[in-house]
């Protein structure tokens, strides 16, 4: 009886897809982001090949419910693909298969454009070896209505928004908010931690602000920008593609 029960349980696991971890493991950092209109919202996640086999991993965008004018893109590492592309895989021209133990850095980018609203995007992740066993990821990106930009507009909290556009070439805009007046420094660093630019360094009034970053003189790659005030410190990642 125990043997029959075990076989039944195993069959149920196969049918429900709950044994998908035999091939890959997916780690998602967040599934909900709210930001202001015109921003880019990035959902990062990793896919790990935990099997003993080489794996070709695929992603399929099964739902792309976006407000008018918005776009979403699938990305492997720093390479983001056309918003019209609903499926990608770790094979040419998108990438290479994962060897046992390899980790695929991947993400979904949602670009809010001219209309306030909420985007619902669903992605399924699987392997060519077991294509029916998929991990389903549901992401929600929404804009928070704001008044017309004005550096004197009162804000309730400090914030540092994701730069837009991102990836960018060669310039991008960074919006930030200050709950109270004070000294502000915004700096840019490369992946080695070396400072490559200082965008803001001085006294700023409370309210909403923005600064442009022109990266014409630096190489393509991943960079980090950091805001520092006496009461608030935050760092975000951006991608320069030339």
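Is it the case that residue 64 is under 18 Å from the mean Cα position of the chain (by Cα) and exposed (fewer than 15 other Cβ atoms within 10 Å of the Cβ)?
Working: under 18 Å from the mean Cα position of the chain (by Cα): yes; exposed (fewer than 15 other Cβ atoms within 10 Å of the Cβ): no.
The answer is no for residue 64.
With (1) modelled with pLDDT under 90; (2) surrounded by fewer than 17 Cβ atoms within 10 Å (Cβ to Cβ); (3) outside any loop (DSSP other than H, G, I, E, B) as the list, and residue 25 as the residue in question, which single condition is left unmet?
Here residue 25 meets the rest and fails (1).
Please verify whether residue 97 is touching a residue at least 24 places away in the same chain (Cβ under 8 Å) and assigned by TED's automatic domain parsing to the domain that holds residue 50, treating the condition exactly as stated. Break it down into steps so the answer makes sense when it comes.
Details: touching a residue at least 24 places away in the same chain (Cβ under 8 Å): yes; assigned by TED's automatic domain parsing to the domain that holds residue 50: yes.
Answer is yes for this residue.
Would you call residue 58 within 19 Å of the chain's Cα centre (by Cα), within 16 Å of residue 137 (Cα to Cα) and either in the same structural domain as residue 210 (by TED's automatic domain parsing) or surrounded by 20 or more Cβ atoms within 10 Å (Cβ to Cβ) (or both)? Spell out how you get there, then give the answer.
Numbers: within 19 Å of the chain's Cα centre (by Cα): yes; within 16 Å of residue 137 (Cα to Cα): yes; either in the same structural domain as residue 210 (by TED's automatic domain parsing) or surrounded by 20 or more Cβ atoms within 10 Å (Cβ to Cβ) (or both): no.
For residue 58, the condition - within 19 Å of the chain's Cα centre (by Cα), within 16 Å of residue 137 (Cα to Cα) and either in the same structural domain as residue 210 (by TED's automatic domain parsing) or surrounded by 20 or more Cβ atoms within 10 Å (Cβ to Cβ) (or both) - is not met.
Which one is farthest from residue 42 (Cα to Cα) among residues in the stretch 69-94 that are surrounded by 14 or more Cβ atoms within 10 Å (Cβ to Cβ) and touching a residue at least 40 places away in the same chain (Cβ under 8 Å)?
Only one residue tops the list, namely 70.
Which members of the stretch 118-132 meet the condition of being assigned to a loop (DSSP other than H, G, I, E, B) and surrounded by fewer than 17 Cβ atoms within 10 Å (Cβ to Cβ)?
Step one: filter the stretch 118-132 for residues assigned to a loop (DSSP other than H, G, I, E, B), giving 128-132.
Across the stretch 118-132, the qualifying residues are 128, 129, 131, 132.
Identify the single condition in (1) in a loop (DSSP other than H, G, I, E, B); (2) in contact (Cβ under 8 Å) with a residue 12 or more places away in the chain that residue 211 does not satisfy, given that it satisfies every other one.
Going through the list (1) in a loop (DSSP other than H, G, I, E, B); (2) in contact (Cβ under 8 Å) with a residue 12 or more places away in the chain, residue 211 breaks only (1).
Name every residue in the stretch 104-117 that is farther than 17 Å from residue 60 by Cα and exposed (fewer than 14 other Cβ atoms within 10 Å of the Cβ), in order of residue number. Give the derivation first.
So in the stretch 104-117, the residues farther than 17 Å from residue 60 by Cα come out as 111-117.
Scanning the stretch 104-117 gives 114, 115, 116.
For the stretch 29-43, how many residues are exposed (fewer than 15 other Cβ atoms within 10 Å of the Cβ) and part of a strand (DSSP E or B)? I'd like the intermediate steps shown before the answer.
Let us first name the residues in the stretch 29-43 that are exposed (fewer than 15 other Cβ atoms within 10 Å of the Cβ), namely 29-32, 34.
Filter once more, so that each one left must be part of a strand (DSSP E or B): 32, 34.
Selection size over the stretch 29-43: 2.
The values are calculated or read from the model by the stated rules, or taken from the named source; none is laboratory data. Keep in mind the model is a prediction, meaning the values are calculated, not measured. Here Cβ is always computed from backbone atoms with ideal geometry, including for glycine, and neighbour counts include all displayed protein chains.
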